[in-house]
Amino acid sequence: MLPYMDQVLRAFYQSTHWSTQNSYEDITATSRTLLDFQIPSAIHLQISNRSTPNTFNSLDFSTRLRINGSLSYLYSDAQQLDNFMRNSTDIPLQDATETYRQLQPNLNFYSSNSANGLNTDESLLENNKKLSHDLKFAKKSLYYGRMYYPSSDLEAMIIKRLNPQTQLMIKGVSSFKENLNVLTCYFQKYSHRNLQEWIFSTSDLLCGYRILHNFLTTPSKFNTSLYNNSSLSLGAEFWLGLVSLSPGCSTTLRYYTHSTNTGRPLTLTLSWNPLFGHISSTYSAKTGTNSTFCAKYDFNLYSIESNLSFGCEFWQKKHHMAINGNNNDKLEPVSHELVDVNPNKKTTKLLHESVPNLKSIDDDHDSSLDIPDHKQKLLNDLTYAFSSSLRKIDEERSTIEKFDNKINSSIFTSVWKLSTSLRDKTLKLLWEGKWRGFLISAGTELVFTKSSQRTLSNDEKNDDAISISAVDVENSNIPVFPTKFGIQFQYST
Amino acid sequence: MSFRFNEDVFGDNSFNERIREKLSTALNSPSKKKLDILKSGITVQKVDFPTIPQLEILDLDIITQPKSLAKGICKISCKDAMLRIQTVIESNLLLINEQDTPSFTMPRLINNGSFTIPITMTFSAIELEAITNIFVKNPGIGISFNDVDLDFKFDCSIKILQSTIERRLKESMHVVFKDVLPSLIFNTSQNWFTSRGENTSTIPSKKEHHHQQTTMSRNVILDGSDFQELSPINMLRLSSIVSSRSTLSLHSTVMNSLSAIPGCLERQNLYRFISRMPSLNNYYSSQSFAQTKSTNVSPKQLVKPFYCSHNLLPKAVLDSSQYDLTTITKIQSRLFDRSNSNDDNAKPRRRKIKCKKTRTPPHEQSQEEEAVGDTTAIETVTLTPVSTSVHEIEEQSPPYLKTTVSIRDKYVIPEKISLNFDTKKDPSKMRPLNFIGLNSQDSSNNWKWGMEESPPPYH
């Protein structure tokens, strides 16, 4: 489950029109959420509250050996945050948890298109909204603080939108006990097609730069292209720890598209770390409204080590909400409110939406222009020739839309998440669901052991986990034992 | 005291094997905080000491301080040794950094996986030459490496790291010899001292091995009870060794030298030392002696005040009224200066009593000469009558003679003699002046006779 403060953060991004999907950090977000999902390691309770439209606070308890807790406050001067925030009773499950990320390939398509004047009414509307937002851009900011007790560690975060294209984020941790003070600054700049980030962290004096570039073709090309519902992104990051002089870099290619027949989204990523020779490729697909699959293959060029991971999600829905079947020309979202809540997921604004409507073109031709007959005939032929392909696009679009709408309109009650890795010989199991206004996630991580050595190393990895001691493992012959399990309750009003 | 150097231990290969075991357990000890960069334990693959380490004893001192048993200077040298260790390291330093930093502030890195590399480090042609000071004390062995000359060839399986590792190793070597090895040897020797009876065969480490050879004599801990078990013949031998230090040297009989051993003041030379002290008695006895040489003064009369009342005017001087106040104050101020050598500005406080009585002033011209001429030549003259009575006085050991002289590194004339003069100088009746400061309670000023704490065995 997403922590409450992360939901607020997401709402802040939405209200300030800052896209998170263009960050290089999240380029592999889909496979990460499907494979490396977080499993609670204790009994955890989170009570959250929106005290005023601009302030949020949250209280956490967790019992691991003794009771730990944290208290967090958040203040943001962003407007209409409450439009994007839901309490735990109302929030759809697919918004409350990390799941398959559906991308919007044409995020800045409208703004580039507006100059051409080739846009439908709806996109114009959208565009105007965006433009107006850019015009009356206000420097919104977010302040977040969290105090842990009894360890009295402090976390703080400030996010400030400097101008429509830039954002500054400062994160800090201060721990008295471990004598640790870390401050990390992010400066993010969003330009037409790419997002650049400059990062500096005081731990190890780490400096970093990362960039994500979206390959977008011009709108005219999109009009002739049939399968324009895809996006291709290339990103890279460069790091250097100045104290230890430890470098790091990686580059990643992401391709996101929809299946033409079924309209189901799929994501492919290929990332490469040139320094250490890691190559990792993922393939994630939403195979149906209630299932998602992901496979990841890691390979190291230098050590010839490899790993195969596999993850899947199964959603259980309560009932299917009946939606009106007219998803032709007018792309009307199911409910405007829902769109506002999460445009990432709700309606994929596809590129070919900007394709001129066939009827309207015909109307335009008929009414305004006086063209000779032979020309008109040619034009009609042409129109007919193109219209078939355009209709085809519409059909595809409609299937995609249909599928999306189907997902969005479904009310899911719970989801099972499974993930396994061949080399680590682990199986992660997580159940997340809603029950009487509570968001509950319960999970465990199982380790298949052949020798006690591996379990030892695994125990060391997640030292937070409640684990069986190695001596017991040596004595018992059980090949499977849990390294961690836990349950988490979230309630927010 | 004797010891054996058992070469056979180095002869066969078992010694190398034992070092290998000890080294690998020490390197993988769970008490040590495991470094993040190490992804596996450290295995010592090969240890080879082809030649017997040489141990040259340059100096050996058996009893220097109460609880120490032996003190020596040794030269340790070994050649052509070889050591090879292997481990697995994490080469992705950013990953280690990521694990150390809280995830809240750590930016997420894509494809930042772990990449482990096995590394083999070979130290070949190790040549060690070190001058060490060894102190064998009751609980353990203290060792300090003074002049270490270490040379080795370093070979690392990862060539890119070789120069860096080598440089860092050489930088940290002085810490090893200054800090790590001495404490290690001390701790292991402590264990060895305590658990010596159980397993004498185990040899803790290579360095330790040397010390075992040095202290091969089994009964090295000397307690009070041990002395009873010692044979009187041995004790006699020991005492003869100790006494030979003074008896062998003929310097003590030579005049004008206060001690045969630098830093020691021997008892038979005490009177000469005291005679050099500025005091009224010393001054006037020599003076009066010179003057009254013709008169019949018995040696007893001269000697008695010499020892019994140090800072008194001799009776003859007083009677003949040969003293003068300026000389007395000069001597007093000299004494005061010696006692207050730390602060030069302190002036002696004198109480002046003016007496109406008129006295004939003493002969000044002669005093001037004599004050300067406080030479040893005069002392030698005074010595001759003294010599008979010295032992008598010594055996009596008058209570005010409980002066103690400590052994210093160099011979130091005691500086802190504070004298409080009873300055009520009644001309008619001069009170005896007392040494007060000599029995000072201050421990730092405590003068000790060389063997007073541990009485010399020839008594």
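Just to be sure I understand the filter: pairs with C-beta atoms under 6 Å, separated by 6 or more residues or on different chains, first member in segment A:419-440 and acidic (Asp, Glu) and surrounded by 15 or more Cβ atoms within 10 Å (Cβ to Cβ), second member modelled with pLDDT of 90 or more and assigned to a strand (DSSP E or B). Which pairs pass?
A:Glu432/A:Val415; A:Glu432/A:Ser441
What number of residues in segment B:93-131 are within 14 Å of another protein chain (Cβ to nearest Cβ) and among the small types (Gly, Ala, Ser)?
Final tally of qualifying residues: 3.
What is the one condition in (1) open to solvent by 20 Å² or more (accessible area, probe 1.4 Å); (2) within 14 Å of chain A (Cβ to nearest Cβ); (3) touching an Asp or Glu at 6+ places or on another chain (Cβ under 6 Å); (4) of a type outside the set (Lys, Arg) that B:Asp149 does not satisfy?
Status for B:Asp149: all satisfied but (2).
Go through segment A:23-72 and report how many residues are β-branched (Val, Ile, Thr), in a strand (DSSP E or B) and either within 14 Å of chain B (Cβ to nearest Cβ) or within 27 Å of A:Thr426 (Cα to Cα) (or both).
2
Among the residues that make up segment B:97-105, is at least one of them aromatic (Phe, Trp, Tyr) and over 47 Å from the mean Cα position of the chain (by Cα)?
Yes, that holds for at least one residue.
Inspect all residues belonging to segment B:134-142 and state whether any of them is more than 9 Å from chain A (Cβ to nearest Cβ) and at pLDDT 85 or above.
So far as segment B:134-142 goes, no, none of its residues is more than 9 Å from chain A (Cβ to nearest Cβ) and at pLDDT 85 or above.
Within the group A:Tyr209, A:Tyr186, which residue is facing chain B (nearest Cβ under 10 Å) and under 24 Å from A:Leu240 (Cβ atoms)?
A:Tyr186
Within segment B:154-164, does at least one residue satisfy the condition of being under 22 Å from B:Lys79 (Cα atoms) and exposed (fewer than 14 other Cβ atoms within 10 Å of the Cβ)?
no
Can you tell me which of A:Thr33, A:Thr20, A:Thr52 is open to solvent by 20 Å² or more (accessible area, probe 1.4 Å) and either farther than 30 Å from A:Tyr255 by Cα or out of contact with any helix residue (DSSP H, G or I) (no Cβ under 9 Å at 6 or more places or on another chain) (or both)?
Testing whether each residue is open to solvent by 20 Å² or more (accessible area, probe 1.4 Å) and either farther than 30 Å from A:Tyr255 by Cα or out of contact with any helix residue (DSSP H, G or I) (no Cβ under 9 Å at 6 or more places or on another chain) (or both) leaves just A:Thr52.
Against the definition (modelled with pLDDT under 80 and under 26 Å from the mean Cα position of the chain (by Cα)), how does B:Thr188 come out, yes or no?
yes
Do the conditions hold for B:Ile76, that is, is it in a strand (DSSP E or B), away from every other protein chain (no Cβ under 14 Å) and either open to solvent by 40 Å² or more (accessible area, probe 1.4 Å) or over 21 Å from B:Gly140 (Cβ atoms) (or both)?
no
Quick one: in segment A:245-269, of everything that is polar (S, T, N, Q) and farther than 14 Å from A:Ala29 by Cβ, which residue is farthest from the other protein chains (Cβ to nearest Cβ)?
A:Asn261
Pairs needed: first member in segment A:270-299, away from every other protein chain (no Cβ under 14 Å); second member anywhere, in a loop (DSSP other than H, G, I, E, B) and open to solvent by 20 Å² or more (accessible area, probe 1.4 Å); C-beta distance under 6 Å; at least 6 residues apart or different chains.
What qualifies is A:Lys286/A:Arg264.
Suppose we filter A:Leu45, A:Leu59 for residues that are farther than 22 Å from A:Asn194 by Cα, among the aliphatic types (A, V, I, L, M) and free of Cβ contacts under 8 Å to residues at least 60 places away in the same chain; which single one remains?
A:Leu59
In segment B:79-90, is there at least one residue being within 30 Å of A:Thr28 (Cα to Cα), open to solvent by less than 30 Å² (accessible area, probe 1.4 Å), assigned to a helix (DSSP H, G or I) and within 14 Å of chain A (Cβ to nearest Cβ)?
Taking every residue of segment B:79-90 in turn, none turns out to be within 30 Å of A:Thr28 (Cα to Cα), open to solvent by less than 30 Å² (accessible area, probe 1.4 Å), assigned to a helix (DSSP H, G or I) and within 14 Å of chain A (Cβ to nearest Cβ).
The values are calculated or read from the model by the stated rules, or taken from the named source; none is laboratory data. The structure displayed is predicted, hence computed values, not measured ones. Positions of Cβ are backbone-derived with ideal geometry, glycine not excepted, and every protein chain shown enters the neighbour counts. Only protein heavy atoms, including side chains, enter the accessible area calculation; ligands, DNA and RNA are left aside. Shrake-Rupley method; radii C 1.70, N 1.55, O 1.52, S 1.80 Å.
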